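To start, the structure under review is shown below, and the notes come after it.
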């Protein structure tokens, strides 16, 4: 091969590598957002357990690492919305349940909380491994709605205390900071 052919082959190789790099740069994360949203919803709902749950959380982490900032925000916002919805439903179910059903509900909610804690870190590529700072308390409501808010807060605190006591009894570390999100 002559020097001219070698230069042409090297130029073609450089162009292929550059095209591949540009394709990777612009296409990374595309198409994985919907997959990640569906997977994290299944994980939060408790539809994936055991090794598959751990693999699912790892998959969410890998997918988030491939996304751009806008897609990461979309995934994090969807996670927060889904977690608040499920946490609210769990609280309502616990309050409405009889004493004989509450332990099973707490076990389910402990599993969800552990998974949610892992997903919170998985969907936050900028995390330093520490939980978020607690939110500032909202201003006190007006006098007319104060009794209602106070009763709801008391019920939620009873649920939260029961969940943490059950987790402690089972020797499971629950990210209790997630219960207030």
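Ordered by the number of other Cβ atoms lying within 10 Å of each residue's own Cβ, fewest first, 51, 108 fall into the sequence 51, 108.
Shown for 82, 45: other C-beta atoms within 10 Å of each C-beta, ranked fewest to most, produce the order 45, 82. Listed by Cβ neighbour count within 10 Å, with the fewest neighbours leading, 81, 74 appear as 81, 74. Ordering of 115-123, 92-100, 156-164 by packing is 115-123, 156-164, 92-100, highest average first (other Cβ atoms within 10 Å, averaged per residue). Computed extension length for residue 80-residue 17: 18.8 nm, one decimal, from 0.36 nm per residue of separation with the Cα-Cα distance subtracted. At full extension, residue 103 and residue 155 could sit 17.1 nm farther apart than now, given 0.36 nm per residue minus the alpha carbon distance.
Each value in this text was obtained by applying a stated rule to the coordinates, not by laboratory testing. Since the model is a prediction, treat every value here as computed from it, not as a measurement. No Cβ is skipped: glycine too gets one built from the backbone with ideal geometry, and neighbour counts run over all protein chains shown.
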